[in-house]
Structures are given as structure tokens and as C-alpha cells.
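First comes the structure, then the notes that go with it.
The values are calculated or read from the model by the stated rules, or taken from the named source; none is laboratory data. Computed from a prediction, not measured in an experiment: that's the story for all the values here. Cβ placement follows ideal geometry from the backbone for every residue including glycine, while neighbour counts extend to all protein chains displayed. Quick note on the areas: whole protein, heavy atoms, side chains included, nothing else; ligands and nucleic acids left out. Shrake-Rupley method; radii C 1.70, N 1.55, O 1.52, S 1.80 Å.
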Amino acid sequence: MRKCQFNAVALVFLLVAAKVYSATPAVVRPGVVWLDDRGQQIQAHGGGMLHWKDKYYWFGEDRSQSNDPARRYVSCYSSRDLVHWKFRRQVVRLADPEHLDPKWILERPKVFHNPHTGEFVMYAHLDNGAYSLARVAVFVSDRIDGEYRYLKSFRPLDEESRDIGQFIDDDGTAYIIFESRPTKGFFIAQLSADYLGVEKRVSFLKAPLEGGALVHINGLYYVVGSHLTGWHPNPNVYATAPSLSGPWTEFKDIAPPETNTYGSQSTMMLKIAGSKQTTVIYMGDIWRPAALWDSRYLWMPLEIRDGDLRLPPPQNWNLDVKTGEITQKQ
Ligand code: GAL
């Protein structure tokens, strides 16, 4: 009887907490701590986003302090409004899959859905502690928020690959963009039909950049990247091309260089094609190298016009995901 009462009280508490959480205003606040539906700090660093059946699924590095230090974790969250994030699960809790070393790394996970096989395929950067392995790791799951099974690792196009970004073009074709240090640049490469391999080199941009992100809007492709300064922010830059294969323009700053991209580093550009307007959101990480679990997120709608791209100074904003319209908030 007492146990039953306790369960009822706990249930009411959870329902009230969920109601309060979903009733909080849908405002994106760059740089502050973002909490999920459990009240825990969101762990989706160096992340990617997949729009699937009316929800956004955000995947990223889970750097929780409570994680087993021998394993590497990827978490998945879902949201309809890009503000209220429901924790789905740690979709990866991987022990060193290639006998690397205790400091091995798994970073920048990105998930694709293959419409032909029905599978969800995750790419991530796999490396040893010295960052000299330079491979991608591939995982699969038959559910978007299922447990992703480690499949293999390799060097895409036989090139060294460190930071990776994901891109799905308007025709549904899936690509990764990866940084290759020996060749000093970004490769844009198409995934194979089953998405389990990297098949075709589409472009090579000779510029030593990482944190690659791509978007296609109003007939132009925009690529954003950061310079190679590790966890420390630097002036991120962009270039454009009429086709993914180029020709690409020179790189220009996305924000006043003295702001160092307002302390952030690019991970993805998210295109929201609403009924009234198309909005592109810059997703950046504000890294805290001494406390990675407390790294923050800087998301801002980009100002994009006729080949110009600008990241405005961070401020609070709100998005109507149906219309694509943005409102500035206090
Ligand atoms: C950055 C990179 C991060 C992480 C970090 C480690 O350059 O973008 O994903 O690898 O270096 O120092």
C-alpha cells in the first residue's frame, strides 16, 4: 500500500515536472547551460542533427562525468522545437574497438538514415590518443535511438580523416566532409549506396580547416570550417560554390575575426525549410577543455544572402519550425 502511494506521488511529480518543462518558453539561449527533460545538462558535443518523422534527433559526444573513462559515449536527444530536448539514450557506449590505447577518441558523431536499407548509419571520428590513426568509425542501428552496433573503421578514400561533418543534399544524397591534414584541406565525399562506405570524392578544398559543415540554399553551396587550433576558438570561415564539386571561392570570415566566432567552433549547419522562409542555423560548440562535460552550445540563425554568410552576435531567439520564421527574444 505504502509503495503504491509512493509510486503515485512519484508519478504526479514526474507529470508536473514534464508539464513545467514543456511549458517553458521555446527560446534558444546561446552559451548558457541547456537542460534536457530530466533536468540534466545536454551532452551532444561536436554533434549532428537528423530530421526524422517530424522530430529533430540530435546526436553528439556525451562527456558526462559519470561515464566509465574506458568507454566512449554518444547520446541522442529528440525535439520538435529545437528547444525542449528529450533524452532518448546513450546510443553508443563503446569500449576501445581497435585495441588503440587508454586515451583513444571517438568524436563528432553524425547519423544518416538510408531510405533504401531502412538502417540508421552513424559515422564518427575514431582515433588513438595521439590522433595519428585518423579514421572514421561506422555504426548501424535499425532504430534511430537504438543501440548502435560498431561495424568497422577505415580511412575514407584512403586519406587521413579527423573532424567529420555530415551533409544531405536536397535530392537526398548523403555526404561526409572530412579534414585531411597531410593534404591540408577538406574532402567532400559521397557515401556508398548502403551508406556503409565512402565511395566517391566530390571535391577537395585546399585550405587547412576542420569542423566542416555544409548547406545548400538558394542555388549555392556554403561550406564553413574552423582553423586548426584544437579546443581553442578561432575565426571560422566560409566559401561558396554553385556545385558541390566547385569551383569554390576563397574563404572569408563568418564573424568579426576578433570575436573568434564568439568563442565557438562549427559542427553543423541545419536548414529548416519552413512554409514562409528557409532558415539556416549555425550549430557551434563552445568547448571547455578542462571540463568538456560543461562545454556549451552556440546556435544562431545565419544571415545568408547572395553568396554572403554572416553569423550575428549571439542573442536569444525563437524559431517557428512550421514557418521557418525567427524572432529575437530577451
Ligand atoms: C579540435 C577538434 C575537436 C577535437 C579537439 C581536440 O580541433 O575540432 O573535435 O578533436 O581538436 O584537441
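Side notes on the structure shown:
- Amide hydrogen neighbours beyond the local backbone of SER295, cut-off 5 Å, H modeled: ARG288
- Residue with peak Gaussian network fluctuation, the chain [Cα springs, cutoff 10 Å], from GLN190, GLN41, GLN65: GLN65
- Quarter of the Cα convex hull surface for the chain, i.e. its orientation-mean projected area (nm²): 17.9
- Within the accessible area of the chain (1.4 Å probe), percent carbon and sulfur: 53
- Label-point separation in nm, ASP96 to ASP306, each point 7 Å along Cα→Cβ: 5.6
- Euclidean distance between Cα centres, region 189-216 to region 303-330, Å: 26
- In this structure, the amide hydrogen of SER161, modeled 1.01 Å from its nitrogen in the peptide plane, lies closer than 5 angstrom to those of ARG135, counting only residues at least 5 positions away or on a different chain.
- Per residue, the chain exposes an accessible area of 46 Å² to a 1.4 Å probe, with every protein chain left in place.
- Cα-based shape type of region 127-226, given that a ≥ b ≥ c are square roots of the gyration tensor eigenvalues and the cut on a/c is 1.5: oblate
- Estimated vicinal HN-Hα couplings, Hz - region 51-57 in sequence order (Karplus 6.51, -1.76, 1.60; Gly, Pro = x): 8, 8, 6, 6, 10, 9, 10
- Distance (nanometres) between label positions extended 7 Å along Cα→Cβ at LYS55 and SER192: 3.1
- Label-to-label distance, nm, for residues given as LYS206 and GLU250 (7 Å Cα→Cβ offset): 1.5
- 3J(HN,Hα) couplings calculated from phi for region 198-214 with the Karplus curve 6.51 cos²θ - 1.76 cosθ + 1.60 (θ = phi - 60°) are, in sequence order, 10, 9, 9, 6, 9, 7, 10, 9, 7, 6, x, 9, 9, x, x, 9, 10 Hz; Gly and Pro show x.
- When each of LYS55/LYS206; LYS110/LYS184; LYS110/LYS206; LYS53/LYS276; LYS86/LYS252 is checked by Cα-Cα distance, pairs over 31 Å: LYS55/LYS206; LYS86/LYS252
- Rounded FRET efficiency, nearest 0.05, which uses the C-beta distance separating VAL32 from GLN277 and R0 of 25 Å: 0.40
- In the elastic network of the chain, a GNM with C-alpha springs shorter than 10 Å, the most mobile of LEU100, LEU244, LEU191 is LEU100.
- For the chain, modelled as a GNM whose springs connect Cα atoms under 10 angstrom apart, the maximal fluctuation among GLY211, GLY60, GLY230 occurs at GLY230.
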